[in-house]
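Taking it in order: structure first as structure tokens, then the write-up.
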Amino acid sequence: MAELSALGSAPPRRRSVRSGQDRLPLGRTSGTGLGLAVLWLSLLVLVPLAAVVSKAAGAGLADFWSAVTTHEALSAIRLTVLAAAAVSLVNAVMGTLIAWVLVRDEFVGKRVLEVLIDLPFALPTIVAGLVLTTLYGPHSPVGVTWYASRPGVLVALLFVTLPFVVRTVEPVLLSLETEAEQAAASLGAGPVRTFVRIVLPAIAPAIASGASLAFGRAMGEYGSVVLISGQLPRTEVASQYIYQQIESGYLPDAAAVATVLLLVSVLVLALLNGLRGWAARRG
Amino acid sequence: MGIQALDITKRFGAFLALDDVTLEVGSGELTALLGPSGGGKSTLLRIIGGLEEADSGRVVIDGVEATGIPAQRRDVGFVFQHYAAFKHLSVYRNVAFGLEIRKRPKAEIQRRVRELLELVHLEQFADRMPAQLSGGQRQRMALARALAVEPKVLLLDEPFGALDAKVRKELRDWLRRLHDEVHVTTVFVTHDQEEALEVADSLVVINHGRIEQVGSPNELYDHPANDFVMGFLGPVTRLGGHLVRPHDIEVLTADSAGAVPASVQRLVRVGYQVRAELRADAAPATAQVAGPGGGQAGAPGAASVGRPAGAEPDAAAADTAVQLTRGQADALELRVGSRVWLRPAQHASVLTAR
């Protein structure tokens, strides 16, 4: 010990001591709460995810790399990430619009629309996929054929992610005072400028929340896509690819692609979270 | 010039908020719209500001037809009861908002905002966020923001309604002084008659969607057009079938022409003032009743003993309240049970009770 401290390890030690003092002391209640939260998260989320990652890593880095860089794997990952990004963007715009209409406008059938919004959550996704396939499939009654095409995948993802932004933005819009908008109007701002400069900053964190939920859901969606995608390599999303690999007994390959999905999700969610924090700090 | 609101009618569903109201506000004046809540005064202000549309009628601001023109092109400054601060913008950016919308050069915006922040005494708070300000400061910021665009008229909707009594009083004085400096035509809505009497050049009393009376504070206080205006602007009591202000009643110790005999029922000291409740002896029975009550109620606080007796025959005949200074009450040697004579003072405003 004497040797160690003589070797000039004093500064880092002092820092670690200070950081220990800086930490807020947790009371018994919040300490218990934190403990329970961590335990719960570990059991439900961290342990399974760690298992996936360790499975992927078990085969070694070279195998991991070759597993995720096959043509099919890459195409599936690319389609999934791009589709999820597109879905979040479309949702951010349309979800905000729908929330606005629901909160600010009075019209006949408002309550019906309120219920309709949540329907995609309630419907089993495989049923949604079936309905979409009959609607836009080979014998489409509406004359639109999106079967086994990328628009078909996109529509399926949009369907299941519709409620997220609507439901995160709605309560924020409800609690927003309209007086600030009236003040902006009396100061000479038109409706568009009032929305962009007064309303949008207030609801931006909620939009980011909803969009990241939609992104996460779209990244992992399986049920609604599996039928309409037609199982073609060109329209295969990552979850389908993973399922196929498992069926064929290539477990490490499946885990490798899953790990890549995980990494992308973590990155994007962290980014959106940062964006939300930044917007909240400004607001 | 100034503001003209002509034949304004506004309904909210079945509720008639404004019933064919016509209001003219002189240029450069500070006018108060006064009345009970739900009387229509805020609606009228919002119609003038373009935040609400009238069902019928016209609004003319500074000689320019404003009917149908949206708020953003009316050139009015509007101040709301709950500040309506732009929460995500600093105090500086709040005040600069209207100027930025008008695309004024940056240097001009900077100069103007500094000027205004000085005017409202917030120069050292320019970089704060609205959430870091007190209510009074937020409302001053809102005023600076409204004044920044040099509006033709300034409209304030219960501007001090959300503030505590002390800050309200300060801001009231401050608004008066500000108006003397800036001289923009100003209309403010309030339900506080003291605020209106103290600040405004002219008062408009509004009730049930109609204008009851328009005039200077003194005119309205001294010559109310009806019992509503009289009652809304200050305390009122009844004296022999008339409505009189409690401080406008003379108390005499001997009978005199036109005086009403009465006996003291209750004496309450409020600081330097004494409020006396008296009952005119309409029926001879009252004299009997007053006797025992007076005997027991000599000590302060025992006045309630007289109450049961008062609840007897003609309880419907309302008591007369009289406001006296302590000196006056002492000079008259008023006690519970004392017999006195009451008459309206010489210049008192007197209305026949309905």
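The values are calculated or read from the model by the stated rules, or taken from the named source; none is laboratory data. What you see is a predicted model; the values in this text were computed from it and never measured. With ideal geometry, Cβ positions are generated from the backbone for all residues, glycine too; neighbour counts draw on all protein chains shown. Ligands, DNA and RNA are excluded from the accessible area calculation, which covers all protein heavy atoms including side chains. Shrake-Rupley method; radii C 1.70, N 1.55, O 1.52, S 1.80 Å.
Restricting attention to region B:180-190, the residues being out of contact with any helix residue (DSSP H, G or I) (no Cβ under 8 Å at 6 or more places or on another chain), open to solvent by 10 Å² or more (accessible area, probe 1.4 Å) and of a type outside the set (Asp, Glu) number 1.
Per the listing B:Ala126, B:Ala144, B:Ala148, B:Ala85, the residue uniquely more than 9 Å from every other protein chain (Cβ to nearest Cβ) and under 30 Å from the mean Cα position of the chain (by Cα) is B:Ala144. Taking helices (runs of 4 or more DSSP H) as the structural unit, those lying wholly within region B:1-119 and holding at least 2 residues that are out of contact with any Phe, Trp or Tyr (no Cβ under 8 Å at 6 or more places or on another chain), open to solvent by 50 Å² or more (accessible area, probe 1.4 Å) and over 17 Å from B:Lys152 (Cβ atoms) correspond to B:106-119.
Looking at B:Val340, B:Val336, B:Val322, just one residue is at pLDDT 50 or above, within 18 Å of B:Arg238 (Cβ to Cβ) and more than 33 Å from the chain's Cα centre (by Cα), and that residue is B:Val340. Considering only residues that are under 17 Å from B:Val149 (Cα atoms) and aliphatic (A, V, I, L, M), look in region A:168-205 and name the one that is farthest from the other protein chains (Cβ to nearest Cβ). Among those residues, the one meeting the criterion is A:Ala184.
Taking each residue of region A:182-196 that is over 15 Å from B:Ala96 (Cα atoms) and assigned to a helix (DSSP H, G or I) and looking for partners that are among the aliphatic types (A, V, I, L, M) and open to solvent by 10 Å² or more (accessible area, probe 1.4 Å) with beta-carbon atoms closer than 6 Å, six or more apart or interchain, yields A:Gln182/B:Leu51. Identification of helices (runs of 4 or more DSSP H) wholly contained in region A:202-283 with 2 or more residues that are of a type in the set (S, T, N, Q) and open to solvent by less than 40 Å² (accessible area, probe 1.4 Å) yields A:238-247, A:251-282.
Of all the criteria given as (1) among the acidic types (Asp, Glu); (2) open to solvent by 60 Å² or more (accessible area, probe 1.4 Å); (3) in contact with a helix residue (DSSP H, G or I) (Cβ under 8 Å, 6 or more places away or on another chain), the one not satisfied by B:Glu250 is (3).
In region A:113-144, of all residues being assigned to a loop (DSSP other than H, G, I, E, B) and either among the basic types (Lys, Arg) or in contact (Cβ under 8 Å) with a residue 40 or more places away in the chain (or both), the one that is surrounded by the most Cβ atoms within 10 Å (Cβ to Cβ) corresponds to A:Gly137. Reported count of residues in region B:133-170, each being closer than 27 Å to B:Ile101 by Cα, among the basic types (Lys, Arg) and open to solvent by 10 Å² or more (accessible area, probe 1.4 Å), is 3. In the set B:Gly40, B:Gly28, B:Gly35, B:Gly77, only one residue is within 14 Å of chain A (Cβ to nearest Cβ) and within 27 Å of the chain's Cα centre (by Cα); that residue is B:Gly77.
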